[in-house]
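What follows draws every value from the coordinates through simple rules; no lab data is involved. All figures in this text were calculated on a predicted structure; none of them were measured in a lab. We place every Cβ from the backbone using ideal geometry, glycine too, and count neighbours over all the protein chains shown.
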């Protein structure tokens, strides 16, 4: 078989398989908590996240992951929100927003940067699983952003693929940072989280169309590791 023809057939086969996977992806309500079973709008989704964070901060968390919920979880998922978080081990959206397994579609990468793989995952979370909001979740004391400040002029000293990652934070968030400014890191962390919204909207017609239709809202915010409080930073 001609190489070009074989290549085209391979691409078509992959597309058919991908389409079938999207169509057959199990979507199941797995909520076992006393919280509202149906979150129908982006505003309701955001309100639930913020209420959960308030419970977490005040040490009044309500949710757990009982054994009886596992069968429903195995059958499928219907997360009401998608979270793009930093890979930092101190950040856990399920804990911070007081949500059980199955409620949050979480994607993680150092510096909470919307890479193409992350964008594709979020598209799946919204278009297939029905997430009503995306949260770009930064956090205080972010090592990736701190590195982007310290090495804003040259990242070549970093090992492996790290320069490629950190460079995406430097422009536009730290290229003009002043390391002697005590507010330089908080400012850059906020900038980096907010920048994530712009990247998602420009890079994904799937997400942009969902926002335009009112089916989705994308917000950004920063969690204070010291207090646990999550603050929305986007306008």
- For the modelled label position 7 Å from the Cα of residue 38 along Cα-to-Cβ, which residues of the range 64-89 have backbone nitrogen atoms closer than 18 Å? 78-81
- Item | Cα principal axis extents for the range 38-89, largest first, Å | 30, 26, 25
- Message: Please compute the modelled spin-label separation between residue 162 and residue 212, points set 7 Å along Cα→Cβ, answer in nm with one decimal.
- Response: 4.1
- Task: Arrange the following residues from fewest to most other Cβ atoms within 10 Å of their Cβ: 103, 198.
- Result: 198, 103
- Message: Using a 7 Å offset from the Cα along the Cα-to-Cβ direction at both residue 72 and residue 90, what is the distance between the two label points in nm, to one decimal?
- Response: 3.4
